[in-house]
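First comes the structure, then the notes that go with it.
The values are calculated or read from the model by the stated rules, or taken from the named source; none is laboratory data. In this text, all values refer to a predicted model and were calculated from it rather than measured experimentally. Cβ atoms come from the backbone with ideal geometry, glycine included; neighbour counts cover every protein chain shown. With ligands, DNA and RNA removed, areas are computed over all heavy atoms of the protein, side chains included. Shrake-Rupley method; radii C 1.70, N 1.55, O 1.52, S 1.80 Å.
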Amino acid sequence: MNDPYVASLSQSLRNYGVDHPVIAIDLNRLESNCAMAMAGVDVGLEKRLVAKSLPCLPLLDQIRSLIPTSGLMTFSEPMLTALLQAEGGTDHLIGKPLPVGSAARVLQANPDAAERVQWLIDTPERLQDYLTLADQTGLSLRLSLELDIGLHRGGLSADQVASVVKTIVAHPLAQLSGAMGYEAHLAKLPYLFRPQAERRCAEAYRQAVAALPHSGAGLCLNTGGSLTFQAYGATGSATEVAFGSVLVKPSDFDHPSTAAFQPAAFIATPILKTMPGNALPGLEFLPRRKTDVAVFGGHFLAQPVYPEGFSYSSIFGRSSNQEVWTGPASSIVQPGEIALLRPTQSEAVLNQFGKVLAVRDGAVVQEWETLPN
């Protein structure tokens with residue numbers, strides 16, 4: 001990445017005293033991305049933030065000050081527990097079916113979780129597990145249906161919905177709260193196959209919603225993702241879209257639909273060693289016109305972007321301890337400089353180091369603690 005921005009960011013983080021791997025988030029870019037998201041969402045749709053992709057409460061608060069939301073989509077027991085205890089009133093739609101034991105622990109530790117959490121049901125068998133939990137606890141559970149609308153990663157088909165709904169409605173301690181259909185495959189299909197897949201996806205969602213009581217009126221009807229949320233309108237079957245990663249734009253979310261968004265999150269780590277003309281292990285007699293550097297840590301889910309021209313070493317391989325990068329012989333790099341990487345994803349990366357540095361106008365302005373995975 002030949003970009004003066006990353007060189008400036010590296011120097012700012014060095015000036016701040018970064019001495020171990022950390023995440024840096026550019027608030028100026030984040031806020032620009034929030035504005036782009038708001039401009040791209042139909043005004044009649046609710047917006048739900050995906051917490052696993054933005055796993056930091058101050059970061060979520062920063063975004064929610066700019067994007068009104070219906071709640072969070074949450075994916076794990078530890079993160080759900082932390083968020084329930086940290087703030088009141090937030091509605092949580094569980095983004096994957098949790099084993100019923102996780103739900104039991106959450107409900108035991110958080111008395112208001114029954115009112116604030118929509119548990120995801122993907123099979124009739126899991127429904128029975130949750131109904132048994134409701135009977136055991138005496139709590140009325142809010143249940144949302146995971147729909148398979150084309151991704152084929154599990155979930156209920158449209159023709160299963162009516163039967164599952166009938167069981168929920170008949171149980172005195174169960175409430176049907178909504179349905180979720182995820183379609184991450186759409187943006188990644190070859191263009192030739194995409195239009196037909198989009199039509200099939202929309203029809204599968206429409207059929208599933210039609211099988212809900214009153215065609216889903218008053219329920220949370222969720223769909224979308226960071227690469228597709230802009231494609232939906234309030235006149236369709238959904239009432240809300242979910243997104244998260246696009247607001248910090250890791251490289252897996254480089255796509256025509258996100259071209260106007262800017263990368264806002266980087267891994268920053270000190271350069272420990274610089275080795276101009278470094279010899280090849282066991283082949284020291286061969287001249288080598290390369291510069292190697294060793295960085296603090298490594299094996300990150302990310303690609304180097306600074307210093308310019310450096311990439312992972314094919315000689316030394318990947319390392320989680322002090323990873324070696326190789327660059328041009330002409331590079332002038334010194335120990336103590338801050339290397340930067342662009343994450344490929346934000347989930348399980350932004351909270352990898354326990355802390356986020358918030359950067360504004362080229363300076364670190366806050367340190368934020370992250371949420372557990």
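The table below lists the values:
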item	result
Residues being touching a strand residue (DSSP E or B) at 6+ places or on another chain (Cβ under 7 Å) and open to solvent by 10 Å² or more (accessible area, probe 1.4 Å) - total across segment 166-179	6
Strands (runs of 3 or more DSSP E) within segment 261-373 that include 3 or more residues under 23 Å from Cys56 (Cβ atoms)	265-276, 302-306, 338-343, 355-360, 363-369
All positions within segment 41-68 that are open to solvent by less than 40 Å² (accessible area, probe 1.4 Å) and small (Gly, Ala, Ser)	Ala51, Ser53
Search result, residues across segment 103-153 that are under 20 Å from Val164 (Cα atoms), among the β-branched types (Val, Ile, Thr) and surrounded by fewer than 22 Cβ atoms within 10 Å (Cβ to Cβ)	Thr123, Thr132
Subset of segment 180-195 that is open to solvent by 70 Å² or more (accessible area, probe 1.4 Å) and within 27 Å of the chain's Cα centre (by Cα) - its residue that is modelled with the lowest pLDDT	Tyr191
Residues of segment 10-40 that turn out to be over 15 Å from Leu350 (Cα atoms) and open to solvent by less than 10 Å² (accessible area, probe 1.4 Å), as a count	5
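The rows are residues; the columns are (1) at pLDDT below 95; (2) open to solvent by 50 Å² or more (accessible area, probe 1.4 Å); (3) more than 17 Å from Leu272 (Cα to Cα).
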{"site": "Val295", "(1), (2), (3)": "no, no, no"}
{"site": "Tyr312", "(1), (2), (3)": "no, no, no"}
{"site": "Ser330", "(1), (2), (3)": "yes, yes, yes"}
{"site": "Ser346", "(1), (2), (3)": "no, no, yes"}
{"site": "Lys355", "(1), (2), (3)": "no, yes, yes"}
{"site": "Arg360", "(1), (2), (3)": "no, yes, yes"}
